[in-house]
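Since the structure comes first, as structure tokens, the remarks are kept for the end.
The values are calculated or read from the model by the stated rules, or taken from the named source; none is laboratory data. As the structure is a prediction and not an experimental result, all values here were calculated from the model. As a convention, Cβ positions derive from the backbone with ideal geometry for all residues, glycine included, and neighbour counts pool all protein chains shown. Heavy atoms of the whole protein, side chains included, go into the accessibility calculation; ligands, DNA and RNA do not. Shrake-Rupley method; radii C 1.70, N 1.55, O 1.52, S 1.80 Å.
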Amino acid sequence: MSDLPLLRTVGVHKSYGGTEVLRGIDLDVAKGRVVCLLGPSGGGKSTFLRCVNHLETVDAGQIWVAGEPMGYRLRHGKLYELREREVARQRRKIGMVFQHFNLFGHRTALQNVMDGPIRVLGTPREQARAEALDLLERVGLAERTGAYPAQLSGGQQQRVAIARSLAMKPELMLFDEPTSALDPELVGDVLAVMTSLAAEGMTMLVVTHEMGFAAEAADEVVFLADGAVVETGPPSQVLGDPREDRTRQFLARVLA
Amino acid sequence: MAADTEPLPVVPLRRWGRWISALIIIALLVLLGIALGNAKIQWNSVPDFLWYRVMAIGLLNTVVLAVLAQASAIVIGVVIALLRLSANPVARWFASGYIWLFRGLPVLLQILIWYNLALVFPMISISLPFGGHLVHEQTNVLISAFTAALLGLALNESAYMAEIVRAGLTSVSTGQTEAAKSIGMTPATTLRRVVLPQAMRVIIPPTGNDFINMLKGTSMASVIGVTELIHASNNISSHNLLVMETLLAAAVWYMVVVTIASIGQHYLERAFGAADRGPVSRAARSARV
């Protein structure tokens with residue numbers, strides 16, 4: 001298993017009520033790499049991301065994270081479905097940042113970041129607090145640790161959400177359109193945090209419409225449309241000199 | 001123009017309608033007061049009845065019965081609500097049936113059924129697998145009037161609590177659950193740490209209302225002879241025939257406990273989530289973004 005990349009998906013299929021949303025996605029993300037998923041809305045990018053940490057179950061295919069099949073246990077050549085609490089254990093190593101932040105509304109910024117380590121990892125409260133304060137400072141929110149989500153701007157909420165994921169010391173970070181719900185002037189702060197995270201060697205799978213971020217931070221860009229991978233390659237090639245018509249059409253529309 | 005120079009005097013609008021309606025209300029209240037003054041009520045005996053021993057017992061039973069019934073209803077209601085939201089179709093079906101049944105029947109009828117259970121089940125036994133009994137007792141002994149009232153009130157209320165809790169749980173957006181999952185929380189931790197605390201804001205106000213209703217609903221236990229406030233006041237008036245005076249004494253106690261409960265509810269609501277934090281409504285969130 002040790003020769004597997006950090007994330008490997010094999011033939012991932014997913015349907016909703018007869019509509020095939022994912023039609024066999026094969027994707028590898030090696031440790032330390034940043035991969036951006038681009039493509040038109042409804043193309044299956046978010047669904048795929050949600051399959052990776054088993055928020056959605058796949059209909060066919062497998063997803064391996066750090067050598068483990070997500071949602072299953074491999075024994076004697078068979079995959080045994082896991083209980084929800086066992087899946088929870090697998091999810092610890094995967095952080096996820098949502099389009100709508102999903103901060104816990106009844107907890108302050110600091111508590112949002114501390115809760116995971118305390119309740120899930122059993123980290124002592126004082127240590128969790130110190131680490132959470134460090135993380136909030138790192139995302140530029142040292143001044144707002146006592147604020148409730150409703151008292152924060154969207155950009156601030158999203159940075160707290162990133163800190164909340166990082167507090168679990170994940171091996172892989174998933175970003176599901178992290179800047180799509182933000183006012184344009186707030187996008188930069190969030191992207192800056194993500195860029196520095198990428199520079200520090202975090203393995204990241206990012207669904208985004210921010211072409212600038214993809215061009216600058218991604219090691220690889222995957223263009224996804226109609227539930228299938230259309231084109232894969234370094235950003236300079238996929239964004240600068242796409243081989244497929246589908247990609248070219250999309251880029252023409254987005255960059256217009 | 002005048003506006004350029006001096007501020008002009010302002011003549012407020014005469015709101016005659018307000019004066020007239022206020023006078024009518026006051027006049028009606030005065031008339032009511034006169035009528036009550038002329039009523040054949042021995043007002044001065046009411047305060048005495050408040051402190052009769054049987055009245056104190058009635059007050060105690062009313063409060064204890066209401067608190068026990070509401071507390072049991074909350075526990076059962078949470079369980080039924082979770083069954084109702086379960087992925088297991090049999091559990092969902094059972095919970096729906098439970099709510100349908102206990103909401104459908106009048107409380108008084110439920111209390112009477114529990115009270116008369118001995119007519120159809122004279123003995124209640126719970127047998128152990130290899131002989132012997134865990135419980136083996138006459139139904140009349142096991143189910144006293146108080147127990148029958150408690151069962152009737154608690155089970156009836158549990159159906160309402162199940163719906164209140166369900167509404168509270170579903171009011172918490174799925175994004176909250178997904179975020180909790182994404183940091184590796186187990187379903188139990190997610191429920192306890194993320195969903196329930198936020199559902200409380202929705203659950204507490206109607207629960208407070210229900211508890212106030214419950215305080216008054218205990219009066220139905222008087223029918224089967226539980227010495228709560230109504231039964232206690234009937235008890236007194238059967239000796240001195242001052243029916244209205246003893247009922248008014250009971251009324252005073254009801255107002256006292258209901259007022260205390262309302263104050264408690266106010267503080268509970270405040271503790272569980274001012275609107276300025278809590279899960280932000282969609283509108284509020286997009287306004288902030």
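Which ones in the range B:87-114 are touching a helix residue (DSSP H, G or I) at 6+ places or on another chain (Cβ under 6 Å) and either over 21 Å from B:Pro187 (Cβ atoms) or hydroxyl-bearing (Ser, Thr, Tyr) (or both)?
B:Tyr98, B:Ile99, B:Phe102, B:Arg103, B:Val107, B:Leu108, B:Gln110, B:Ile111, B:Trp114
Just need a number here: residues in the range A:14-56 that are modelled with pLDDT under 95 and of a type in the set (Phe, Trp, Tyr).
Total satisfying the criteria: 1.
Can you name the number of the only condition in (1) open to solvent by less than 10 Å² (accessible area, probe 1.4 Å); (2) more than 9 Å from chain B (Cβ to nearest Cβ) that A:Asp134 fails?
Of the numbered conditions (1) open to solvent by less than 10 Å² (accessible area, probe 1.4 Å); (2) more than 9 Å from chain B (Cβ to nearest Cβ), the odd one out for A:Asp134 is (1).
Can we say A:Gln99 is part of a helix (DSSP H, G or I) and in contact (Cβ under 8 Å) with a residue 60 or more places away in the chain? Write out each step before concluding.
Numbers: part of a helix (DSSP H, G or I): no; in contact (Cβ under 8 Å) with a residue 60 or more places away in the chain: yes.
It is false that A:Gln99 is part of a helix (DSSP H, G or I) and in contact (Cβ under 8 Å) with a residue 60 or more places away in the chain.
Looking at this structure, is A:Ser41 open to solvent by 30 Å² or more (accessible area, probe 1.4 Å) and part of a loop (DSSP other than H, G, I, E, B)? Steps first, please.
On the way: open to solvent by 30 Å² or more (accessible area, probe 1.4 Å): yes; part of a loop (DSSP other than H, G, I, E, B): yes.
Judged against the criteria, A:Ser41 is a match.
Counting just the residues of the range A:102-113 that are part of a helix (DSSP H, G or I) and either in contact with a His (Cβ under 7 Å, 6 or more places away or on another chain) or open to solvent by 10 Å² or more (accessible area, probe 1.4 Å) (or both), which one comes out nearest to B:Ala199 (Cα to Cα)? Show your work before the answer.
Taking the range A:102-113 first, the residues part of a helix (DSSP H, G or I) are A:109-113.
So of that shortlist, the ones also either in contact with a His (Cβ under 7 Å, 6 or more places away or on another chain) or open to solvent by 10 Å² or more (accessible area, probe 1.4 Å) (or both) come out as A:110-111.
Numbers: A:Leu110: 21, A:Gln111: 18 Å.
Top of the filtered list is A:Gln111.
Does the range B:191-205 contain any residue that is away from every other protein chain (no Cβ under 14 Å) and modelled with pLDDT under 95? Let's see the steps before the verdict.
Quick first cut of the range B:191-205, residues away from every other protein chain (no Cβ under 14 Å) only: B:205.
Those still in the list that are modelled with pLDDT under 95 too: B:205.
Yes; the residues of the range B:191-205 include at least one that is away from every other protein chain (no Cβ under 14 Å) and modelled with pLDDT under 95.
Just to check your reading of the model, which residue among B:Val252, B:Val257 is touching a Pro at 6+ places or on another chain (Cβ under 9 Å), modelled with pLDDT of 95 or more and surrounded by fewer than 21 Cβ atoms within 10 Å (Cβ to Cβ)? Break it down stepwise before answering.
Values: B:Val257 fails: touching a Pro at 6+ places or on another chain (Cβ under 9 Å).
Result of the check over B:Val252, B:Val257: B:Val252.
Restricting attention to the range B:179-188, does a residue exist that is surrounded by fewer than 22 Cβ atoms within 10 Å (Cβ to Cβ), within 9 Å of another protein chain (Cβ to nearest Cβ) and polar (S, T, N, Q)?
Within the range B:179-188, one or more residues are surrounded by fewer than 22 Cβ atoms within 10 Å (Cβ to Cβ), within 9 Å of another protein chain (Cβ to nearest Cβ) and polar (S, T, N, Q).
Report those strands (runs of 3 or more DSSP E) wholly inside the range A:149-244 carrying at least 1 residues which are open to solvent by 10 Å² or more (accessible area, probe 1.4 Å) and in contact with a helix residue (DSSP H, G or I) (Cβ under 6 Å, 6 or more places away or on another chain). It would help to see each step written out before you state the result.
Details: elements: A:172-176, A:203-207, A:220-225, A:228-233.
Answer list for the range A:149-244: A:172-176, A:228-233.
Which members of the range A:80-95 meet the condition of being in contact with a Lys or Arg (Cβ under 9 Å, 6 or more places away or on another chain) and either on the phi > 0 side of the Ramachandran plot or hydrophobic (A, V, I, L, M, F, W, C) (or both)? Working first, answer last.
Filtering the range A:80-95 down to residues in contact with a Lys or Arg (Cβ under 9 Å, 6 or more places away or on another chain) leaves A:80-82, A:84, A:86-88, A:91-93, A:95.
Matches in the range A:80-95: A:Leu82, A:Val87, A:Ala88.
Cβ-Cβ distance below 8 Å, separation of 6 or more or different chains: which pairs start in the range A:161-175 with a residue that is among the hydroxyl-bearing types (Ser, Thr, Tyr) and end on one that is surrounded by 24 or more Cβ atoms within 10 Å (Cβ to Cβ)?
Going by the 8 Å Cβ cut-off, the qualifying pairs are A:Ser165/A:Gly95; A:Ser165/A:Met96; A:Ser165/A:Val97; A:Ser165/B:Ser182; A:Ser165/B:Ile183.
Taking the range B:37-94 as the search range and keeping residues that are hydroxyl-bearing (Ser, Thr, Tyr) and not in a loop (DSSP other than H, G, I, E, B), which one is farthest from B:Leu150 (Cα to Cα)? Spell out the reasoning first.
Within the range B:37-94, the subset hydroxyl-bearing (Ser, Thr, Tyr) is B:45, B:52, B:62, B:72, B:86.
Right, trim to not in a loop (DSSP other than H, G, I, E, B) and you get B:45, B:62, B:72.
Numbers: B:Ser45: 32, B:Thr62: 11, B:Ser72: 9 Å.
Looking at residues that are hydroxyl-bearing (Ser, Thr, Tyr) and not in a loop (DSSP other than H, G, I, E, B), I get B:Ser45.
In the range B:206-235, which residues are closer than 20 Å to B:Phe272 by Cβ and among the charged types (D, E, K, R)?
B:Asp210
Only one of (1) of a type outside the set (Lys, Arg); (2) in a helix (DSSP H, G or I); (3) away from every other protein chain (no Cβ under 14 Å); (4) open to solvent by 10 Å² or more (accessible area, probe 1.4 Å) fails for A:Val120. Which number is that?
(3)
So B:Ala221 ticks every box in (1) buried (at least 22 other Cβ atoms within 10 Å of the Cβ); (2) within 30 Å of A:Phe101 (Cβ to Cβ); (3) in contact with a His (Cβ under 9 Å, 6 or more places away or on another chain) but one. Which box is left unticked?
Exception for B:Ala221: condition (2).
Mind checking whether some residue in the range A:50-72 is of a type in the set (Asp, Glu), in a helix (DSSP H, G or I) and surrounded by fewer than 24 Cβ atoms within 10 Å (Cβ to Cβ)? So that I can check it myself, show each step before the final result.
First, the residues of the range A:50-72 that are of a type in the set (Asp, Glu): A:56, A:59, A:68.
With the extra rule that they be in a helix (DSSP H, G or I), the set shrinks to none.
No - not one qualifying residue is present in the range A:50-72.
Would you confirm whether any residue within the range A:106-115 is closer than 21 Å to B:Thr186 by Cα, facing chain B (nearest Cβ under 8 Å) and either among the aromatic types (Phe, Trp, Tyr) or in contact with a Ser or Thr (Cβ under 6 Å, 6 or more places away or on another chain) (or both)?
No, the range A:106-115 contains no residue that is closer than 21 Å to B:Thr186 by Cα, facing chain B (nearest Cβ under 8 Å) and either among the aromatic types (Phe, Trp, Tyr) or in contact with a Ser or Thr (Cβ under 6 Å, 6 or more places away or on another chain) (or both).
Return the residue satisfying two criteria in turn: it lies in the range B:95-127 and is in a helix (DSSP H, G or I) and over 21 Å from B:Leu150 (Cβ atoms), and of such residues it is most open to solvent (accessible area, probe 1.4 Å). Quick ask: steps written out before the conclusion?
Taking the range B:95-127 and keeping what is in a helix (DSSP H, G or I), we get B:95-104, B:107-115, B:117-119.
With over 21 Å from B:Leu150 (Cβ atoms) added as a condition, the list becomes B:95-97, B:100.
On the way: B:Ala95: 0, B:Ser96: 47, B:Gly97: 32, B:Trp100: 193 Å².
The qualifying residue most open to solvent (accessible area, probe 1.4 Å) is B:Trp100.
Which residue out of B:Arg103, B:Arg92 is more than 14 Å from chain A (Cβ to nearest Cβ) and under 22 Å from the mean Cα position of the chain (by Cα)?
Values: B:Arg92 fails: under 22 Å from the mean Cα position of the chain (by Cα).
Selected residue: B:Arg103, the only one of B:Arg103, B:Arg92 that is more than 14 Å from chain A (Cβ to nearest Cβ) and under 22 Å from the mean Cα position of the chain (by Cα).
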